[in-house]
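Novice: Have a look at this one.
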Amino acid sequence: MTVVDVRTEAEWDTGHLEGALHIEWQDILKISSDIQKEEEIFLYCRSGNRSGKATKILVDAGYINAKNAGGIEDASELLDIKIID
């Protein structure tokens, strides 16, 4: 499972999910080539809007298990991963 924070650098610096990658939503196709298109990928942002856009971009690019985890608090609860500074 891969978790991606698609918020801005300034938002990331205020806290993010432990172990998450940081790729701003508009750059989501820069996701590592080590991540297989079948792998489960959870994306989150502040409210779920940008992560929804990023999820659509990945799905359109063939990532079959990309999922919008919503806002950071929702993603933390859904994935049982704590928010760290």
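Novice: Taking Cα extents along the principal axes in Å straight from the coordinates, which label in [x] 42, 27, 17; [y] 31, 23, 22; [z] 33, 30, 22 is the correct one?
Specialist: [y]
Novice: Given points 7 Å out from each Cα along the Cα-Cβ axis, report the Glu9 to Asn65 separation in nanometres with one decimal.
Specialist: Simple spin-label model gives 3.2 nm for this pair.
Novice: In the chain, which GluC sites (Glu not before Pro) are in a loop and have at most 16 other Cβ atoms within 10 Å, using DSSP for the loop call? Walk me through the numbers before you get to the answer.
Specialist: Details: sites: Glu9, Glu11, Glu18, Glu24, Glu38, Glu39, Glu40, Glu73, Glu77; in loops: Glu18, Glu24, Glu38, Glu39, Glu40.
For GluC sites (Glu not before Pro) across the chain that sit outside H, G, I, E and B with at most 16 neighbouring Cβ atoms in 10 Å, the list reads Glu18, Glu38, Glu39, Glu40.
Novice: In whole percent, what relative contact order does the chain give with Cα contacts below 8 Å and a gap of six or more residues? The partial results should precede the final answer.
Specialist: Details: 160 pairs, mean separation 28.9, N = 85.
Across the chain, relative contact order equals 34 percent.
Novice: Right, something else. Restricting to lysine pairs 8 or more places apart or on different chains, what number in the chain have Cα atoms under 14 Å apart? Before the final figure, lay out the partial values.
Specialist: On the way: Lys37/Lys56; Lys37/Lys67; Lys53/Lys67; Lys56/Lys67.
Lysine pairs satisfying the spacing and distance rule in the chain number 4.
Novice: Please list 3J(HN,Hα) in residue order for region 54-60, calculated via the Karplus relation 6.51 cos²θ - 1.76 cosθ + 1.60 where θ = phi - 60°; whole Hz, with x for glycine and proline.
Specialist: 5, 4, 4, 4, 5, 4, 4
Novice: Can you work out the Karplus-derived ³J(HN,Hα) for every residue in region 71-85? Use 6.51 cos²θ - 1.76 cosθ + 1.60 with θ = phi - 60°, whole Hz, and x for glycine or proline.
Specialist: x, 4, 5, 4, 5, 4, 5, 4, 9, 6, 10, 7, 8, 10, 7
Novice: For region 4-85, which trypsin sites (Lys or Arg not before Pro) pass both filters: DSSP loop (anything but H, G, I, E, B) and at most 10 other C-beta atoms within 10 Å?
Specialist: On the way: sites: Arg7, Lys30, Lys37, Arg46, Arg50, Lys53, Lys56, Lys67, Lys82; in loops: Arg7, Lys37, Arg46, Lys82.
Answer in residue order: Lys82.
Novice: Now, a different point. Per residue of the chain, what 222 nm ellipticity follows from adding -39500 (n - 2.57) for every DSSP H run with n ≥ 4, rounded to the nearest 500? Each step should come with its number before you reach the end.
Specialist: On the way: 3 runs with 25 residues, N = 85.
Computed mean residue ellipticity for the chain: -8000 deg cm²/dmol.
Novice: Out of residues 5 or more away from Leu17 or on other chains, whose amide H comes under 5 Å of its own, with H placed 1.01 Å from N in the peptide plane?
Specialist: Ile84
Novice: Separate question: Of all the accessible heavy-atom surface of the chain, with the other protein chains kept in place and a 1.4 Å probe, what percent is carbon and sulfur?
Specialist: Details: 2280 of 4780 Å².
The value for the chain is 48 percent carbon and sulfur by accessible area.
Novice: Per residue, how much accessible surface does region 40-85 expose to a 1.4 Å probe? Answer in Å², no decimals. List each step's numbers first, then the result.
Specialist: Details: 2540 Å² over 46 residues.
It amounts to 55 Å² per residue over region 40-85.
The values are calculated or read from the model by the stated rules, or taken from the named source; none is laboratory data. All values derive from a computational prediction rather than experimental measurement. So basically every Cβ, Gly included, is an ideal-geometry build from the backbone, and we count neighbours across all protein chains shown. Side chains included, ligands, DNA and RNA excluded: accessible areas come from the protein's heavy atoms. Shrake-Rupley method; radii C 1.70, N 1.55, O 1.52, S 1.80 Å.
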